[in-house]
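A.B. asks: Got a structure here, written out as C-alpha cells. Questions coming.
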Amino acid sequence: MATTTAGGIAAIDRPLLDKKWLVFAIGIYTVFYLWVRWYEGVYGWSAGLDSFAPEFETYWMNFLYTEIVLEIVTASILWGYLWKTRDRNLAALTPREELRRNFTHLVWLVAYAWAIYWGASYFTEQDGTWHQTIVRDTDFTPSHIIEFYLSYPIYIITGFAAFIYAKTRLPFFAKGISLPYLVLVVGPFMILPNVGLNEWGHTFWFMEELFVAPLHYGFVIFGWLALAVMGTLTQTFYSFSHLFERDLCPDIR
C-alpha cells in the first residue's frame, strides 16, 4: 500500500515503530562499548600505566588520535545528512507519517539516553575508581581517553542528531526552539568543556579523586541537566495527542 509523504512523493508504508532501528540503537552502543572495555582491560594495565613508555604511544595515544578524527568525521556526516535531507514541506505531512516520525524520534532519544549512561555514568564512575587506584602521570590516562574523548563525544553527537531530527522533521519542534530540548543536549554537552577545568584543577591542586570534591561539581550539575528529558518527552507526547485532538484517527489506522 502506498501513501503520500511530505512533498507529494508516493512511498511504501513503513511501520509506525521500526523495532529493528530500536534494537540497532541499543545494540551498536552495547557491542562497541563492550569491545572498548575489553581493550581497556587488556591494554590499560599492560601499556597504560607509564605515559613515557613507547607502548603507551602505540596503544593509547594512537587510540586518542584515531577516535578524535572518527568523531569529527561521524558528526559532520551524520549532522550534515540530517540537515541535507530535512523536510522542506512539513505542511504537507500526513498524520500517519507525522506519527511514524514521532516514534522514530523516540528511538533517537533512547539512543541518546543509552549513550549518556555509558559516558556519564559507567565510564565516569570507572574513571574515579581508576584514579583512586593508579596515580596519574598524564592528563591522557587510558580511562580519560575512553571517558572524556570517546564516550562523551559519542553521546554529544547522538544528542544533537536527535535534536536536528526533531527540528527538521517534526512540525511541533520545527516551530521554534524547545527550551527543554535545548537544555537536554547543551547541558550534558557542557560536561566536555568542563573537562578542561577538571584537568587544570587536578594539575595544580593535586586533588583526591572524590566526586564530592568541589572541582567535580560541574560534572554533577551538567549531568543533572539531562533530566530535561522529562520536559522533552512531555512535549513529544503532546505532539502525539495533538494528532488525535484534530480527530485524525481514521487517517492513522
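The values are calculated or read from the model by the stated rules, or taken from the named source; none is laboratory data. Treat the numbers as computed from the prediction; the structure is a model and nothing was measured. As a convention, Cβ positions derive from the backbone with ideal geometry for all residues, glycine included, and neighbour counts pool all protein chains shown. All accessible areas refer to the heavy atoms of the entire protein, side chains included, with ligands and DNA or RNA removed. Shrake-Rupley method; radii C 1.70, N 1.55, O 1.52, S 1.80 Å.
A.B. asks: Scan region 89-96 and give yes if some residue there is open to solvent by less than 40 Å² (accessible area, probe 1.4 Å), under 30 Å from Gly231 (Cα atoms), touching a Leu at 6+ places or on another chain (Cβ under 7 Å) and in a helix (DSSP H, G or I), otherwise no.
C.D. replies: Yes, some residue in region 89-96 is open to solvent by less than 40 Å² (accessible area, probe 1.4 Å), under 30 Å from Gly231 (Cα atoms), touching a Leu at 6+ places or on another chain (Cβ under 7 Å) and in a helix (DSSP H, G or I).
A.B. asks: Restricting attention to region 42-70, and to residues there that are over 23 Å from the mean Cα position of the chain (by Cα) and acidic (Asp, Glu), which single residue is modelled with the lowest pLDDT?
C.D. replies: Among residues in region 42-70 that are over 23 Å from the mean Cα position of the chain (by Cα) and acidic (Asp, Glu), the one modelled with the lowest pLDDT is Asp50.
A.B. asks: Going through region 24-62 one residue at a time, which ones are assigned to a helix (DSSP H, G or I), charged (D, E, K, R) and open to solvent by 60 Å² or more (accessible area, probe 1.4 Å)?
C.D. replies: Those that are assigned to a helix (DSSP H, G or I), charged (D, E, K, R) and open to solvent by 60 Å² or more (accessible area, probe 1.4 Å): Arg37, Glu55, Glu57.
A.B. asks: Considering only residues that are free of Cβ contacts under 8 Å to residues at least 60 places away in the same chain and of a type in the set (Phe, Trp, Tyr), look in region 57-91 and name the one that is farthest from Ile154 (Cα to Cα).
C.D. replies: In this case the residue turns out to be Tyr59.
Here's the yes/no breakdown for (1) modelled with pLDDT of 90 or more; (2) in contact with a His (Cβ under 6 Å, 6 or more places away or on another chain); (3) over 19 Å from Gly218 (Cα atoms):
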{"residue": "Ile116", "(1), (2), (3)": "yes, no, no"}
{"residue": "His131", "(1), (2), (3)": "no, no, no"}
{"residue": "Asp137", "(1), (2), (3)": "no, no, yes"}
{"residue": "Thr141", "(1), (2), (3)": "yes, no, yes"}
{"residue": "Tyr155", "(1), (2), (3)": "yes, no, no"}
{"residue": "Ser178", "(1), (2), (3)": "yes, no, yes"}
{"residue": "Leu182", "(1), (2), (3)": "yes, no, no"}
{"residue": "Val186", "(1), (2), (3)": "yes, no, no"}
{"residue": "Phe204", "(1), (2), (3)": "no, no, no"}
